[in-house]
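S.K.: Pasting a structure below so you can have a look.
The values are calculated or read from the model by the stated rules, or taken from the named source; none is laboratory data. All values derive from a computational prediction rather than experimental measurement. Glycine also receives a Cβ, built like all others from the backbone with ideal geometry; neighbour counts cover every protein chain displayed.
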Amino acid sequence: AKESGRGRVVKYLAALDIQRHQRAELEDKLRQAIENGEVRPVFQPLVDAKTGSLRGVEALARWVPETGPITPEVFISVAEKAGLIDQLGRKILEASVEAASSWNDIGLSVNISPVQLRNPDFAAVVEAVLEKSEFDPNRLTLEITEGVLMSNPEQAKRAMARLKANGVKFALDDFGCGYASIGALREFGFDRMKIDRSLVVSLSDEKGAGVLNATLSLAKALDIPVTAEGVETQEQADALAERGCDQLQGYLVGKPMEAKQVEKVFLRTAA
Ligand code: C2E
Ligand code: CA
Ligand code: CA
Ligand code: CA
């Protein structure tokens, strides 16, 4: 028999309740995991497009609860909504700086949520972390998406200016899949642009290649160096290097890996 209207409503409300309950549970688990240092970075190599030599690493957050891994897209968004992103971001920054401090002069890139940049304490927190570990600010690049341009850009601009004065660099992440304007690129003083994997993938069709070319000419006109993300084939690597990307990142070069692995594969020293 067909369910009554009331029956359906009750079911619907019950489902909402379960969702809310599950979200609250996930938030609790995440809060605990952050406190216990269970959200930690892995590192993906960034290499010179011409020589293939290591230029830096990007820290990418990982969380593997007993129930199985949760993707960063999911737990970062939960953290943003639950007011946990400042704490999570600080832990990742601290752990990344600590791991990378012995990696001579290679760069360290860390992702920053636009929500973090809106916090008036953001610049001071980054400075405190760098000072505590005596990490050279010139080695640090903070990657932010154009979401930062959307709300309270003035606060973000102030924080960026302050950190840039200390030597910290900024990269505009995921360029090419949104609508970041030329004006914004200049106004915010980005030091580097990272073109999104979707642009790299579409290199293989004519229109996609055209969009990529236009994007790279824009970067060139602004004199902003470009990292290509998600490079999976040698063909892509060659095409991107030829078109002026100076850094490559992607599975072709290396997947995100543990700090130990970075040392073993890329930084093998006499010790
Ligand atoms: P993202 O910053 O654009 O990072 C690049 C993503 O592409 C990473 O996914 C990386 O593992 C993946 N990737 C790299 N090379 C390739 C490739 O050749 N092929 C393919 N298919 N994928 C590749 P991941 O680690 O799942 O991170 C997803 C997103 O989560 C990141 O995108 C970033 O926006 C966010 N995220 C990760 N860690 C943090 C963090 O510590 N803080 C913040 N705020 N966001 C983070
Ligand atoms: Ca990134
Ligand atoms: Ca990206
Ligand atoms: Ca992305």
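S.K.: Out of 144, 106, I need the residue that is within 13 Å of the chain's Cα centre (by Cα) and in contact (Cβ under 8 Å) with a residue 24 or more places away in the chain. Which one? Steps first, answer last, please.
M.R.: Values: 106 fails: within 13 Å of the chain's Cα centre (by Cα).
The unique qualifying residue is 144.
S.K.: Return only the number of the condition from (1) under 30 Å from residue 71 (Cα atoms); (2) away from ligand 3 (no atom under 15 Å from the Cβ); (3) in a helix (DSSP H, G or I) that residue 254 does not satisfy.
M.R.: (3)
S.K.: A further question on this structure: Given the structure, is residue 261 within 16 Å of ligand 2 (Cβ to nearest atom), surrounded by 14 or more Cβ atoms within 10 Å (Cβ to Cβ), polar (S, T, N, Q) and at negative phi? First the steps, then the outcome.
M.R.: On the way: within 16 Å of ligand 2 (Cβ to nearest atom): no; surrounded by 14 or more Cβ atoms within 10 Å (Cβ to Cβ): yes; polar (S, T, N, Q): yes; at negative phi: yes.
Against the criterion (within 16 Å of ligand 2 (Cβ to nearest atom), surrounded by 14 or more Cβ atoms within 10 Å (Cβ to Cβ), polar (S, T, N, Q) and at negative phi), residue 261 does not qualify.
S.K.: Restricting to region 88-121, what's the tally of residues that are more than 11 Å from ligand 1 (Cβ to nearest atom), in contact with a helix residue (DSSP H, G or I) (Cβ under 8 Å, 6 or more places away or on another chain) and closer than 30 Å to residue 54 by Cα?
M.R.: 11
S.K.: I want to confirm something. Restricting to region 194-233 and keeping residues that are among the hydroxyl-bearing types (Ser, Thr, Tyr) and exposed (fewer than 14 other Cβ atoms within 10 Å of the Cβ), which single residue is nearest to residue 175 (Cα to Cα)?
M.R.: Keep residues of region 194-233 that are among the hydroxyl-bearing types (Ser, Thr, Tyr), which gives 198, 202, 204, 215, 217, 227, 233.
This time we only want the ones that are exposed (fewer than 14 other Cβ atoms within 10 Å of the Cβ), so: 204, 217.
Working: 204: 18, 217: 13 Å.
Selected residue: 217.
S.K.: Would you pick out the residues in region 72-104 that are outside any helix (DSSP H, G or I) and either at pLDDT 95 or above or surrounded by 16 or more Cβ atoms within 10 Å (Cβ to Cβ) (or both)?
M.R.: The first filter runs over region 72-104 and keeps only residues outside any helix (DSSP H, G or I), leaving 82-84, 101-104.
Within region 72-104, 82, 83, 84, 103 meet the criteria.
S.K.: Residue pairs, Cβ under 7 Å, 6 or more apart or interchain, first in region 223-241 and under 24 Å from residue 111 (Cβ atoms) and within 11 Å of ligand 1 (Cβ to nearest atom), second assigned to a helix (DSSP H, G or I) and modelled with pLDDT of 95 or more. List them.
M.R.: So the pair list comes out as 228/240; 231/237; 231/240.
S.K.: Being part of a helix (DSSP H, G or I) and within 16 Å of ligand 4 (Cβ to nearest atom) is the filter here, so list the residues in region 133-148 that pass it.
M.R.: Correct list: 146, 147, 148.
S.K.: Return yes or no: is residue 186 within 12 Å of ligand 3 (Cβ to nearest atom) and either over 20 Å from the mean Cα position of the chain (by Cα) or modelled with pLDDT of 90 or more (or both)? First the steps, then the outcome.
M.R.: Numbers: within 12 Å of ligand 3 (Cβ to nearest atom): no; either over 20 Å from the mean Cα position of the chain (by Cα) or modelled with pLDDT of 90 or more (or both): yes.
The answer is no for residue 186.
S.K.: Just checking, which of 131, 127 is without any contact (Cβ under 8 Å) to a residue 24 or more places away in the chain, away from ligand 2 (no atom under 16 Å from the Cβ) and either surrounded by fewer than 17 Cβ atoms within 10 Å (Cβ to Cβ) or under 19 Å from residue 227 (Cα atoms) (or both)? Step through it out loud before you land on a result.
M.R.: Working: 127 fails: without any contact (Cβ under 8 Å) to a residue 24 or more places away in the chain.
The match here is 131.
S.K.: Output yes when any residue across region 64-86 is under 20 Å from residue 170 (Cα atoms), within 16 Å of ligand 2 (Cβ to nearest atom) and either in contact with a Lys or Arg (Cβ under 6 Å, 6 or more places away or on another chain) or among the polar types (S, T, N, Q) (or both), and no when none is.
M.R.: Scanning region 64-86, I find no residue that is under 20 Å from residue 170 (Cα atoms), within 16 Å of ligand 2 (Cβ to nearest atom) and either in contact with a Lys or Arg (Cβ under 6 Å, 6 or more places away or on another chain) or among the polar types (S, T, N, Q) (or both), so the answer is no.
S.K.: Tally the residues that are in a loop (DSSP other than H, G, I, E, B), away from ligand 4 (no atom under 13 Å from the Cβ) and within 29 Å of residue 97 (Cα to Cα), restricting the search to region 181-222. Spell out the reasoning first.
M.R.: Narrowing region 181-222 to residues in a loop (DSSP other than H, G, I, E, B): 181, 188-191, 196, 205.
Then keep just the ones that are away from ligand 4 (no atom under 13 Å from the Cβ); that gives 181, 188-191, 205.
Subset that is within 29 Å of residue 97 (Cα to Cα): 188-191.
Qualifying residue count for the region: 4.
S.K.: Does residue 266 count as touching a residue at least 60 places away in the same chain (Cβ under 8 Å) and not β-branched (Val, Ile, Thr)?
M.R.: Numbers: touching a residue at least 60 places away in the same chain (Cβ under 8 Å): yes; not β-branched (Val, Ile, Thr): yes.
It is true that residue 266 is touching a residue at least 60 places away in the same chain (Cβ under 8 Å) and not β-branched (Val, Ile, Thr).
S.K.: Answer yes or no: is there a residue in region 231-246 that is outside any helix (DSSP H, G or I) and in contact with a Pro (Cβ under 7 Å, 6 or more places away or on another chain).
M.R.: Filtering region 231-246 down to residues outside any helix (DSSP H, G or I) leaves 231-233, 243-246.
Now restrict to residues that are in contact with a Pro (Cβ under 7 Å, 6 or more places away or on another chain): 246.
Checked against the condition, which is being outside any helix (DSSP H, G or I) and in contact with a Pro (Cβ under 7 Å, 6 or more places away or on another chain), region 231-246 yields at least one hit.
S.K.: Which residue pairs have Cβ atoms closer than 7 Å, lie 6 or more positions apart in sequence or on different chains, and pair a first residue in region 38-54 that is among the aromatic types (Phe, Trp, Tyr) with a second residue that is surrounded by fewer than 22 Cβ atoms within 10 Å (Cβ to Cβ)?
M.R.: 43/256; 43/257; 43/259
S.K.: Here's another thing I want to ask about it. Yes or no: region 176-185 includes at least one residue that is in contact (Cβ under 8 Å) with a residue 24 or more places away in the chain, touching a strand residue (DSSP E or B) at 6+ places or on another chain (Cβ under 9 Å), surrounded by fewer than 20 Cβ atoms within 10 Å (Cβ to Cβ) and not polar (S, T, N, Q).
M.R.: Yes, some residue in region 176-185 is in contact (Cβ under 8 Å) with a residue 24 or more places away in the chain, touching a strand residue (DSSP E or B) at 6+ places or on another chain (Cβ under 9 Å), surrounded by fewer than 20 Cβ atoms within 10 Å (Cβ to Cβ) and not polar (S, T, N, Q).
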